[in-house]
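Chemist: Sending over a structure as structure tokens; questions will come in a sec.
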Amino acid sequence: MGTLTFAQDRGQEARKPRRWRLGALPCALVCLAIFSNPAAADRLRDGTRAFAAHDYVTAARIFTDLAPLGDARAQTYLGYMFANGQGVPQNYMVAAGWYRCASQQGFPAAQYMLGLMYDKGQGVPQDYVVAYALLDRAVAGAGPEREHWARIRDAIASKLSLVERLRAQQLAFEGPPEGSCLPIVTGY
């Protein structure tokens, strides 16, 4: 009863990859276009060089082209530039939006910066639980900045009750909620 024959089992298994391929194909094409495109890598390098040279207008123009395509680094740079008014008008809401886009891709620097925005209530409602969760995820993926980021996370933890800290740790474990981070209207 309820036993599948080999042919039936094989038929079901044959259908699973097809559904997977159809769902993964658009994602794979976008990722391929972004990450294997030498022109996009060159544009990102040009943007970071312009940023380092304090040519923020040029950097903003380059990052504004790359960020909507899903480049987490360009999104993080744009978030920083909007938060600080470098090359673009200062706008905390737009900054938080770009950080959120990169954060949902697991980019630690964006998670850290968005966590700071939640701590201060800049562009987002002030929420220490969400701030802690984002900083905790950032610390988990951090490189050499891990010790500094952990101190900031722990400072925010001191603002939380035990119940809030447990909720924040659960949020950090579960990851960011699914959903679109765009559209972000920049005016450029």
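The values are calculated or read from the model by the stated rules, or taken from the named source; none is laboratory data. All figures in this text were calculated on a predicted structure; none of them were measured in a lab. Methodologically, a virtual Cβ is constructed for each residue, glycine included, from the backbone with ideal geometry; neighbour enumeration extends over all protein chains shown.
Chemist: Of all residues in region 141-163, how many are without any contact (Cβ under 8 Å) to a residue 12 or more places away in the chain and hydrophobic (A, V, I, L, M, F, W, C)?
Modeler: Residues meeting the conditions: 4.
Chemist: If a residue must be buried (at least 18 other Cβ atoms within 10 Å of the Cβ) and touching a residue at least 40 places away in the same chain (Cβ under 8 Å), how many such residues does region 41-63 contain?
Modeler: Adding up the residues that qualify gives 1.
Chemist: Tell me, please, whether a residue that is buried (at least 23 other Cβ atoms within 10 Å of the Cβ), in contact (Cβ under 8 Å) with a residue 40 or more places away in the chain, over 22 Å from Glu164 (Cα atoms) and under 16 Å from the mean Cα position of the chain (by Cα) can be found in region 91-98.
Modeler: Looking through region 91-98, at least one residue is buried (at least 23 other Cβ atoms within 10 Å of the Cβ), in contact (Cβ under 8 Å) with a residue 40 or more places away in the chain, over 22 Å from Glu164 (Cα atoms) and under 16 Å from the mean Cα position of the chain (by Cα).
Chemist: Another question, then. Of all the residues that make up region 45-89, how many are outside any helix (DSSP H, G or I) and closer than 23 Å to Ala138 by Cβ?
Modeler: Going through region 45-89 one residue at a time, the tally reaches 3.
Chemist: Please go through region 104-129 and pick out each residue that is within 19 Å of Glu174 (Cα to Cα) and modelled with pLDDT under 95.
Modeler: Correct list: Gln104, Gln105, Gly106.
Chemist: Report yes if Arg146 is under 18 Å from Leu116 (Cβ atoms), among the charged types (D, E, K, R) and surrounded by 18 or more Cβ atoms within 10 Å (Cβ to Cβ), otherwise no.
Modeler: no
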